[in-house]
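Working notes, structure below.
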Amino acid sequence: KSAKCGACGPGYASPLHAMKGKYCPREEIVYVPCIYRNTGTEKPDYLATVDVNPASPHYCQVIHRLPMPNLKDELHHSGWNACSSCFGDATKRRNRLILPSLISSRIYVVDVGTDLRAPRIHKIVEPVELFWKGNVANPHTSHCLGSGEIVISCLGDPSGNGKGGFIVLDGETFEVKGNWEKGEKIPSLGYDFWYQPRHNVLMSTEWGVPKVFAGGFDPADLEKGHYGRHINVWDWNSHKCIQSIDLGKNSIPLEIRFLHDPAASEGFVGCALSGAVHRFYKTEKGDWAAEKVIEVPSKKVKGWFLPDMPGLITDILISLDDRFLYFSNWLHGDIRQYDVTNTRKPRLVGQVFLGGSITKGGRVTVVEDQELQCQPEPFVIKGKKVQGGPQMLQLSLDGKRLYVSTSLYSDWDKQFYPDLIKEGSVMLQIDVDTEKGGLKVNTDFLVDFGKEPDGPVLAHEIRYPGGDCTSDIWM
């Protein structure tokens with residue numbers, strides 16, 4: 001495909017072109033969903049536009065807020081109407097942000113094409129459309145396809161039971177067209193997904209039963225089998241679930257990422273509760289398998305509601321050159337960088353602590369730790385003590401800046417980090433050594449969502465207008 005983008009569609013010809021080409025500008029603004037559900041403030045969630053250009057007079061400030069017309073949606077993740085999967089199609093533009101609501105099951109289609117810095121609502125897909133046309137609810141991850149359609153993974157059915165189905169939106173009208181999945185086998189749980197047409201595969205993961213996790217986390221629900229353990233493998237052409245890879249009881253596999261190279265037949269998935277990262281790969285027989293390649297040991301603690309505290313890996317991402325893997329341990333409070341040049345033997349090359357549950361002087365005492373000599377210091381930046389732990393990650397296209405926000409999901413924020421609800425979340429930026437590996441906090445960068453006009457808010461996933469490491473899929 002030509003690298004000249006006059007006659008091309010949205011995105012970039014290849015991951016390396018996105019990372020190193022002259023068409024790869026530094027990010028100047030980011031979009032971040034901000035959540036008021038469960039904070040005590042009766043205001044709608046909104047999409048914040050944040051200025052991240054160091055040369056701007058509004059650096060680290062929210063420059064626009066787009067409130068949703070409803071209360072208690074729980075905005076969560078977002079995706080695009082078109083991305084690099086449509087690169088060869090000059091009729092496509094990346095001008096609509098797809099914003100599913102995890103709890104209300106509403107889907108907002110946001111116009112970012114008219115004014116990048118001041119998005120506006122283009123269309124609202126009401127929950128009843130998902131219920132009637134797909135018998136699904138709790139939409140989570142949205143990816144655009146090369147066909148121009150949009151596929152959104154769902155976590156449940158309209159009654160709040162677990163169901164790992166998908167909904168398809170028309171890429172022009174954003175009407176619900178029905179389910180993506182076909183056949184009789186539908187996984188009992190859903191969450192994230194990634195697809196790779198060259199290997200005729202879509203992979204999906206499993207969080208938990210929506211009506212169970214919606215009220216917070218109860219360890220008793222683990223024994224009842226209400227949380228996930230599988231990677232589900234789908235045939236891309238037939239849309240049928242053909243295999244389930246068991247990662248272990250209550251492992252809770254969340255974010256799943258193929259390597260960006262579209263020819264690669266492997267990737268990584270982070271498991272929240274087991275603290276493991278598994279490499280999944282295509283076998284010589286042509287089916288799929290997984291092997292554990294990283295494990296974050298739990299810490300023995302006092303003053304917490306369980307005697308063992310997992311790291312709780314909640315987000316992972318891979319740099320566009322497929323060299324580095326990053327993940328966040330939301331409870332332990334650290335972000336890690338691994339060199340995955342050898343995908344079977346990741347090597348820890350960077351680590352930084354940004355809050356978490358085990359900081360000195362807090363309620364929790366660590367009594368046994370396989371990794372640290374002592375509890376980390378509380379994390380303070382620009383005079384603000386950061387509440388919560390590192391959660392959603394986004395990497396700049398050139399791999400040099402890692403952005404992080406601290407809210408997971410309002411019901412769990414409230415339970416695990418009550419002070420986060422009171423003080424609001426933050427967005428931070430980590431400088432990355434892309435030569436040898438290494439992470440260092442940028443002490444000049446702080447977006448404090450505790451200072452929002454209507455009171456402290458929970459900021460979640462981070463998106464760049466031109467696409468990023470976690471929204472673009474190359475064909």
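Odds and ends about this structure:
- Qualifying chymotrypsin sites (Phe, Trp or Tyr not before Pro) for the range 279-385 [loop in DSSP, other Cβ within 10 Å: at most 14]: F305
- Residue order for E377, E74 - accessible surface, 1.4 angstrom probe, largest first: E377, E74
- From phi via Karplus (6.51, -1.76, 1.60), per-residue ³J(HN,Hα) for the range 236-242 in Hz, x at Gly/Pro: 5, 6, 8, 6, 9, 6, 10
- Added length on full extension, which subtracts the Cα-Cα distance from 0.36 nm per residue, S159 to L372: 72.3 nm
- Here, P(r) means the percent of Cα pairs in each 5 Å bin from 0 to the largest distance; for the range 342-431 it is 3, 12, 20, 20, 20, 15, 8, 3, 0.
- Overall Cα dimensions of the range 254-383, principal axis frame, Å, largest first: 52, 33, 22
- Cα centroid separation, the range 297-367 to the range 117-165 (Å): 31 Å
- Measuring between alpha carbons in the structure, the pairs from K133/K182; K182/K282; K185/K211; K163/K224 lying more than 19 angstrom apart are K182/K282; K185/K211.
- Karplus-derived 3J(HN,Hα), 6.51/-1.76/1.60, for each residue of the range 252-266, Hz, glycine and proline x: 6, x, 9, 6, 10, 9, 6, 4, 6, 4, x, 7, 6, 10, 7
- Cα-Cα pairs of the range 165-302 separated by more than 24 Å (percent): 35 percent
- All Cα-Cα distances of the range 43-177, cut into 10 Å bins from zero to the largest, leave 13, 40, 33, 13, 2 percent in each bin in turn.
- For the chain, with all protein chains in place and a probe radius of 1.4 Å, 48% of the accessible heavy-atom surface sits on carbon or sulfur.
- For the range 29-459, the solvent-accessible area works out to 36 Å² per residue, with a probe of 1.4 Å and every protein chain left in place.
- Set of the range 235-265 residues, backbone N closer than 13 Å to the point 7 Å along the Cα-Cβ line of N200: 235-240, 242
- Residue-level accessible surface for E149, protein heavy atoms, 1.4 Å, Å²: 50 Å²
- Theoretical ellipticity at 222 nm over the chain - DSSP helices of four or more residues, -39500 (n - 2.57) apiece, nearest 500: -1500 deg cm²/dmol
- Cα-derived Rg to Rh of the chain, Kirkwood definition: 0.93
- Cut-off under 5 Å, modelled amide H: who pairs with R106 long-range: S101
- The value of relative contact order for the chain, using C-alpha pairs under 8 Å at least six residues apart, is 13 percent.
- Computed about the Cα centre, the dipole magnitude for the range 29-459 is approximately 200 debye when only Lys and Arg (+1) and Asp and Glu (-1) carry charge, each at its Cβ.
- Nonlocal amide H pairs with I316, under 5 Å, H built at 1.01 Å: E255
- Here r is the Cβ-Cβ distance between K177 and N70 and R0 is 35 Å; the resulting FRET efficiency, rounded to 0.05, is 0.90.
- Taking amide hydrogens as placed 1.01 Å from N in the peptide plane, the amide H of N95 sits under 5 Å from those of N81, A82, each at least 5 positions away in sequence or on another chain.
- Computed from backbone phi, the HN-Hα couplings of the range 146-162 come to x, 6, x, 7, 10, 10, 10, 6, 10, 9, x, 9, x, 8, x, 7, x Hz, rounded to whole numbers (Karplus: 6.51 cos²θ - 1.76 cosθ + 1.60, θ = phi - 60°; Gly and Pro given as x).
- Relative counts (whole %) of C-alpha pair distances in the range 103-227, using bins that are 5 Å wide: 2, 10, 20, 21, 18, 13, 9, 4, 2, 0
- Once the chain from E223 to K422 is taken as fully extended at 0.36 nm per residue, the excess over their C-alpha distance is 68.5 nm.
The values are calculated or read from the model by the stated rules, or taken from the named source; none is laboratory data. Worth saying up front: this structure is predicted, and the values here are computed from it rather than measured. Don't worry about glycine lacking a Cβ; one is built from the backbone with ideal geometry, like all the others, and counts go over all protein chains shown. Just the protein is used for accessible areas: all its heavy atoms, side chains included, with ligands, DNA and RNA removed. Shrake-Rupley method; radii C 1.70, N 1.55, O 1.52, S 1.80 Å.
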